[in-house]
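Shown next, in structure tokens, is the structure this report addresses.
The values are calculated or read from the model by the stated rules, or taken from the named source; none is laboratory data. This structure is a prediction, so every number in the text was calculated from the model and none was measured. For neighbour counting, all protein chains shown are included, and Cβ atoms are generated from backbone atoms with ideal geometry for every residue, glycine included.
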Amino acid sequence: MAHTTVTRGGSLALACALVGGLAACSAQDNQTLAVAATGQAPSATTSSVAAAPAASVKVYPADKASGVLPSATVTVRAGEGTLKSVAVKESDGTPVPGTIGADGWHSTSRLRPSVSYTVRAEAVNADGVATAQTSTFSTLKPESVAQYDILPSQSTVGVGMPVSIQFATKVTTKEQRAAVEKNVTVTTSPATEGSWGWLDNRQLMWRPKDYWKPGTKVVVKTNLHGLQTGDSKWVGRDGEHTFTIGANQVSTVNMRTHEMTVTRGGQVQRVIPVTTGKDGFTTRSGTKVIIEKVGKMTMDSATVGIPKGNKEYYKLDTQYNMRVTWTGEFLHSAPWSVGAQGRDNVSHGCTNMSAANARWMFGFSQVGDVVKFTGSDRPFLPVEGIGVWQYTYDQWKKQSALA
């Protein structure tokens, strides 16, 4: 009988052929038999897991963008992954506020014109791997920047002085005036009812329903940066001012009796003989407010349309001047007209007093004190001075651009 020599591999092949008759071996059978043949288990195979996609950041305005409108909203989103942080700053480091939500980060304030901004954002992918991105952009450089003042500038004023946001140039459209109005606030202590209104397209004023209560503290804040006020004209800054209301001082000028009655807290302090505007130069009737006090000044009639060479021309040095209209009406000392004071109207529209009475009145008065004029048929037009008291309160509320 022939002898057959079988190798190790041959033994495995033969054993496999003998299991289950002539049936082929399964993978499990191969492993079992391999263990039986070698005494060792095969090496384990490690599964390979794909890495999560890298996070990405998308920013608007795009990197290096220029001429961006101040009204634009800065938006930052994660293209892949989740936003982790966003910081948007002006070139001087001032931060731009914003909120982050499911649809990304959005700025919550307007931008400033002619300013460079830097955006730094970071997003993370599903594996927690961060991707950071920095970009820059710059805003529109307008042809002009809208300038304005918050008035009064004084720390203490009389009971008739409104808050005023006074622009150097007109705020062109009603929509733009409404936007300005929405972005200014007045806070008073104690609480005071009042309303914004426009005297004209440059002057936004807030007046109380009635005269201020003495001692009231008033805080005015403007959030006007980035607002458009005309063709290629934008506001560049915000502002804040605080002032206090002084004593309740109201004077009444009766142009028929040629007297001015001065009161404080409703009590008469002095009755002063005066002379007001003569025929052709009639002093305006209405409720005015002392706009400014100037100790000494030269009054030149050429500035109010009476040129040199006209028989009514004058150029006089005056003292103790209290302006009540932009059109040239003052309360002031006039020693040259003492003979007419209390008897006749001989001025070019101002309210003249003796030097002694004018000195007292100048020292007594505050910017913002009310001066009522009665007795002429020439009305004081609101735009000729601080004319908010020429309106009833209901009429004034209709002067609002939001009415």
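Miscellaneous remarks
- When segment 151-168 is filtered for residues that are surrounded by fewer than 18 Cβ atoms within 10 Å (Cβ to Cβ) and not hydroxyl-bearing (Ser, Thr, Tyr), the ones remaining, listed by number, are 154, 166, 168.
- Among the residues of segment 269-296, those identified as among the hydrophobic types (A, V, I, L, M, F, W, C), surrounded by fewer than 21 Cβ atoms within 10 Å (Cβ to Cβ) and out of contact with any Ser or Thr (no Cβ under 6 Å at 6 or more places or on another chain) are 281, 291, 294.
- Residue 333 touching a Lys or Arg at 6+ places or on another chain (Cβ under 9 Å), surrounded by 15 or more Cβ atoms within 10 Å (Cβ to Cβ), hydroxyl-bearing (Ser, Thr, Tyr) and closer than 20 Å to residue 159 by Cα: no
- Condition met for residue 217 (basic (Lys, Arg), touching a helix residue (DSSP H, G or I) at 6+ places or on another chain (Cβ under 8 Å) and not assigned by TED's automatic domain parsing to the domain that holds residue 348): no
- Per-region count, segment 392-401, residues surrounded by fewer than 18 Cβ atoms within 10 Å (Cβ to Cβ) and either touching a strand residue (DSSP E or B) at 6+ places or on another chain (Cβ under 8 Å) or over 15 Å from residue 196 (Cα atoms) (or both): 4
Yes/no per residue for (1) free of Cβ contacts under 8 Å to residues at least 24 places away in the same chain; (2) among the aliphatic types (A, V, I, L, M):
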position: 294; (1), (2): no, yes
position: 298; (1), (2): yes, no
position: 305; (1), (2): yes, no
position: 309; (1), (2): yes, no
position: 342; (1), (2): no, no
position: 387; (1), (2): no, no
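- If the condition is being more than 42 Å from the chain's Cα centre (by Cα) and crowded, with 18+ Cβ neighbours inside 10 Å, then segment 353-383 contributes 353, 354, 357.
Results for (1) assigned to a helix (DSSP H, G or I); (2) within 16 Å of residue 133 (Cα to Cα); (3) in the same structural domain as residue 135 (by TED's automatic domain parsing); (4) modelled with pLDDT under 50, shown as yes or no for each residue.
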| position | (1), (2), (3), (4) |
| --- | --- |
| 16 | yes, no, no, yes |
| 24 | no, no, no, yes |
| 67 | no, no, yes, no |
| 85 | no, yes, yes, no |
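- Unmet requirement for residue 318, which otherwise passes all of (1) assigned to a loop (DSSP other than H, G, I, E, B); (2) of a type outside the set (D, E, K, R); (3) farther than 17 Å from residue 345 by Cα: (1)
- Condition check for residue 287: outside the structural domain of residue 207 (by TED's automatic domain parsing), under 26 Å from residue 214 (Cβ atoms) and of a type in the set (Ser, Thr, Tyr): yes
- Condition met for residue 123 (assigned to a strand (DSSP E or B), crowded, with 21+ Cβ neighbours inside 10 Å and in the same structural domain as residue 96 (by TED's automatic domain parsing)): yes
- The residues on offer are 212, 198, 206, 234, and the sole one that is in contact (Cβ under 8 Å) with a residue 60 or more places away in the chain, of a type in the set (A, V, I, L, M, F, W, C) and crowded, with 22+ Cβ neighbours inside 10 Å is 234.
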